1. What fraction of the Cα pairs in the chain, stated in percent, has a spacing above 26 angstrom?
2. With loop defined by DSSP as not H, G, I, E or B, and exposure as at most 16 other Cβ atoms within 10 Å, which is the longest segment of the chain clear of exposed trypsin sites (Lys or Arg not before Pro)?
3. So what is the relative contact order for region 1-89, in percent, with contacts set as C-alpha pairs under 8 Å and at least six apart?
4. Loop only by DSSP, 15 or fewer other Cβ within 10 Å of the Cβ. Give me the GluC sites (Glu not before Pro) in region 1-65 that pass, ordered by residue number.
5. On average, how much area does the Cα convex hull of region 1-85 cover when viewed from any direction, in nm²?
6. Add -39500 (n - 2.57) for each DSSP H run of 4 or more in the chain, then divide by its residues: what number comes out at 222 nm, to the nearest 500 deg cm²/dmol?
7. Whole number please: convex hull volume per residue of the Cα set in region 106-186, in Å³?
8. Run through region 148-217 and list the GluC sites (Glu not before Pro) located in a DSSP loop whose Cβ has at most 10 other Cβ atoms within 10 Å.
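The values are calculated or read from the model by the stated rules, or taken from the named source; none is laboratory data. Computed from a predicted model, the values in this text were never measured in an experiment. Cβ placement follows ideal geometry from the backbone for every residue including glycine, while neighbour counts extend to all protein chains displayed. Remember, those area values only see protein heavy atoms, side chains included, never the ligands or the DNA or RNA. Shrake-Rupley method; radii C 1.70, N 1.55, O 1.52, S 1.80 Å.
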Amino acid sequence: MTQTGHRIVKEITKTLTLDYLLHVPETEEQPAEQKWPVILFLHGSGECGSDLEKVKAHGLPQIVDQDKSFPFIVISPQCPEDEFWAMEKEALIAIVEHVLDNYPADPKRVYLTGLSMGGYGAWHLPVDYPNVFAAVAPVCGGINPSKAEALSNVPIWAFHGAKDDVVLLSESQGIVDALEALDANVKLTVYPEGNHNAWDETYSNPELYKWFLSHTL
């Protein structure tokens, strides 16, 4: 006999490294038992690198830099140069777990959003981690409609500019159509005159945050 069955069991330790900005609301009176909702924000390709100040260029990091009382814990990691968010998914989840363990954060109210490259990341991350996020808001992103089944249990509100010539509207429309065919909890807001910076209107809209808070795990 030249072949016999064997099994190897080996523990492998992996080191994950990712820099991030963290906003914890500053309030005058906060009950000791209060737990804040959490938003994980994924930036676009223009903010990749090793300078965290770049992450403040758009979206939530820009907003919370000006509003210290913004009522969510906001995690804004920075993707290294020449990489994309799918390559950092384990590190992203590790950051979320660390914040949940070490800050007054509510594990049932963890939300995910991102713009452009981060919009793609916001579509992809719940495929691999379906029980982490209570709701997801991708902006100017997309994913192959074949992933609809894996996303069908996550409330999703997508945003896109109709005149976006960097990431075409069809990127959002295709997956939203596939999710609607599954009767998933999904909706798409299209800005008729919006181009690739549709995120400005999205993140300044109070309804987005009300929508997030209407969902819990």
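1. Working: 8231 of 23436 pairs.
Looking at the chain, the distances longer than 26 Å represent 35 percent of pairs.
2. Details: sites that count: 7, 10, 14, 35, 68, 163.
Within the chain, the longest run free of exposed trypsin sites (Lys or Arg not before Pro) spans 69-162.
3. 39 percent
4. Of the GluC sites (Glu not before Pro), the ones in loops of region 1-65 whose Cβ has at most 15 other Cβ atoms within 10 Å are 11, 26, 28, 29, 33.
5. On the way: hull surface 41.2 nm².
Its average projected convex-hull area is 10.3 nm².
6. About -8500 deg cm²/dmol.
7. 74 Å³
8. Working: sites: 149, 171, 180, 193, 201, 207; in loops: 193.
Those that pass, being in a loop and sparsely packed, are 193.
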